[in-house]
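Working notes, beginning with the structure itself.
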Amino acid sequence: MNPELQGRVFPPTEPYLVGREKVREFARAVFATNPINLDPEAARAAGHADVVAPPTFAVVVQEHTLAQLLADPDAGIDFSRVVHGDQRFTSTRAIVAGDLLTATLTVSSVKTLGAHSMVTAESVITDEGGAHVVTAISTLVIRGED
Amino acid sequence: MPTPDLASLAVGDVVAERTFDLTRDSLVRYAGASGDFNPIHYRDDVAASVGLPGVLAHGMLTMGLAVQPVVDWVGDPARVVDYQVRFTRPVVVDPEHGAAVSVVAKVGQLDAEASAARIDLTVTYDGATVLGKAQVRVALG
């Protein structure tokens, strides 16, 4: 694990178009039963443009940024040793089908605890107009050699 | 569905409870929906080869389902404005019997000024908690 990674900002990901069926598929996979996640009519009746994604859907977009980090030879992260430590989503607004989202990853901290390293990765997700939608923050623990 | 009234809530109130029966099918479904195809979530041989007690549920699946009772209580998924968890214990999903994950959602803090509440989740499997500091901030205004 390269400690100089702290503060590094990765290039923005390719825009991700949130599809209605993807939202519904994800909603079913996390056992969502709220009609606002599944039914466009119910979503519109509640004042949304289309079906609303479940609170953890942003992980699908964030995943593209974590792939950048893990693929970076400079980072020196062995994927088979990575454990997800914690996760947070802080939203300005919910993700809705039809959104075109871009994510930008910043490595906000790199710490070493004995043989293990901890990386905090912050992905800021914005819409087509550049407005903030949600920030996804993950702490990854990289287990040291036994 | 009406939004819960902040004035009627007290810290410690249980607002929602639900048990989720996870099976291997649930994990395959989540893998496809999320794009997380790490084989430790569907292959016993791979899980064993890295020293795991069995195939594990994706942490993000546990996080994703644990907030659902709160979504149903608050009435609209867009009211969840902040959600965080710490992954403290894995959920091992037996090929035959699956795994039952239980969620209890309680009021942790009330913020009348911002018209928001912090809901704390207790998420357990096999008698032990699997998520730490699982907190959901919901907008009630």
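Structural remarks
- Residue count for the stretch A:1-58, restricted to those that are more than 22 Å from B:R79 (Cβ to Cβ), of a type in the set (S, T, N, Q) and without any contact (Cβ under 8 Å) to a residue 12 or more places away in the chain: 0
Conditions tested, residue by residue: (1) under 18 Å from the mean Cα position of the chain (by Cα); (2) modelled with pLDDT under 95.
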position	(1), (2)
B:G35	no, yes
B:I40	no, yes
B:L65	yes, no
B:V92	yes, no
B:P95	no, no
B:A128	yes, no
B:A134	yes, no
B:R137	yes, no
B:L140	no, no
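- Flag for A:D99 being among the charged types (D, E, K, R) and over 22 Å from A:T13 (Cβ atoms): no
- The residues in the stretch B:87-97 that are surrounded by fewer than 18 Cβ atoms within 10 Å (Cβ to Cβ), of a type outside the set (D, E) and outside any loop (DSSP other than H, G, I, E, B) can be counted, and the count is 1.
- Sole residue being more than 26 Å from B:V46 (Cα to Cα), among the small types (G, A, S) and within 12 Å of chain B (Cβ to nearest Cβ), chosen from A:A103, A:A58: A:A58
- Top-ranked residue of the stretch B:1-55 - restricted to ones that are of a type outside the set (V, I, T) and in a strand (DSSP E or B), ranked as farthest from the other protein chains (Cβ to nearest Cβ): B:E17
- Of all the listed residues (A:A32, A:A27), the sole one being touching a helix residue (DSSP H, G or I) at 6+ places or on another chain (Cβ under 6 Å), part of a helix (DSSP H, G or I) and within 12 Å of chain B (Cβ to nearest Cβ) is A:A27.
- Flag if A:I77 is crowded, with 17+ Cβ neighbours inside 10 Å and over 25 Å from A:L17 (Cβ atoms): yes
- Among (1) touching a residue at least 60 places away in the same chain (Cβ under 8 Å); (2) more than 9 Å from chain B (Cβ to nearest Cβ); (3) in contact with a helix residue (DSSP H, G or I) (Cβ under 9 Å, 6 or more places away or on another chain) - the single one A:V96 does not satisfy: (2)
- Pairs with Cβ under 7 Å, 6+ apart, first in the stretch A:76-90 and farther than 22 Å from B:F37 by Cβ and more than 7 Å from every other protein chain (Cβ to nearest Cβ), second in a loop (DSSP other than H, G, I, E, B) and hydrophobic (A, V, I, L, M, F, W, C): A:G76/A:M1
The values are calculated or read from the model by the stated rules, or taken from the named source; none is laboratory data. Note that the coordinates shown come from a computational prediction; the quantities given were computed from them, not determined experimentally. Backbone-built Cβ (ideal geometry, glycine too); neighbour counts: all protein chains shown.
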